[in-house]
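Some notes on the structure that comes next.
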């Protein structure tokens, strides 16, 4: 027989286990806890030098559309509600659409690899990324480029692991970590007064970057930056325009117009602050966004960022002061985003970097080229 004391203890353990079970299932059913509490946080680019979601947001709206043409993108492993109709035109033939489960990380990874290898085009070329100071066309951007006293093979290639490598010094700058389904964003840049930053040009500072969801899904590749901001600054930033472009690609450096006491100042720079390697972003290839070069595609980055804009010199004195133990994982742990619905990840990928900017004659572009 079970005595009264043992029975009482057993009941207490059952209650504890039930509470734990409901707590865990509650977190899982939400697709993961948002420990930052800021999945919908509105950012003012005047303060942070970055962007904010400006509306038409379908986050947390439920599952994607199943059906449509293209490959099945998977098997019957998952419930039909897991499947989304996504557009991957350089990987999938026909109209470029396929159906794939957000939990099928292997298929999503393969779609990204097929896309950068232009499987659907099958013209013997692969995609490389043209650097900031390289304004050459698809037939010439991989050739050595000279500017004043400097010269370089000024582009990035994808190695066999999907990592992004700067050709001139063969340094891996972004490491491939996996792929997810994400929704294309319509990006809008609002520019202010003409800025004079000592670069002897007429670039205009950015007042605001905003985006809305486009209503069309694609594959996004999660990349972890291999260098910290200060490591990148030491290695690349400076007078060499080719290396300086690499620093831009790592930190999304751009001029920001800020306001003090009602007066506009266009003399600040925004840089993403990576206090350690491994800060992540989701790169998206957007082919219909940019048409200046035939067969090219824009480079967009969707990323989580909970820093506050400030002069980088102050970050040197107080590294990581604006990052907290609660939000650091959302900026550095790629596993938070794998096997998640795009409605959930959109809420965490609060920011957008538009590396391909129509405002400038030079810009970053996915371009058809030769491997390595």
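For residue 105 and residue 231, a Förster radius of 41 Å and the Cβ-Cβ distance give a FRET efficiency of 0.90, rounded to the nearest 0.05. Fewest-first ordering of 114, 137 by other beta carbons within 10 Å of each residue's beta carbon gives 137, 114.
With both labels modelled 7 Å from their Cα along Cα-to-Cβ, the residue 239 to residue 81 distance reads 6.3 nm. On the beta carbon distance between residue 276 and residue 160, with R0 = 25 Å, the FRET formula returns roughly 0.45. Each peptide in 277-287, 144-154 was scored by the mean count of other Cβ atoms within 10 Å over its residues; highest first, the order is 277-287, 144-154. Measuring r between the beta carbons of residue 170 and residue 114 and using R0 = 30 Å, the FRET efficiency lands at 0.80. The simple spin-label model puts a point 7 Å past each Cα toward its Cβ; for residue 151 and residue 122 those points are separated by 4.0 nm.
Computed from the coordinates by the stated procedures, all read-outs in this text should not be read as laboratory data. What you see is a predicted model, and the numbers here were worked out from it, not measured in a lab. Counting neighbours? That spans all protein chains shown, and the Cβs are built from the backbone with ideal geometry, glycine included.
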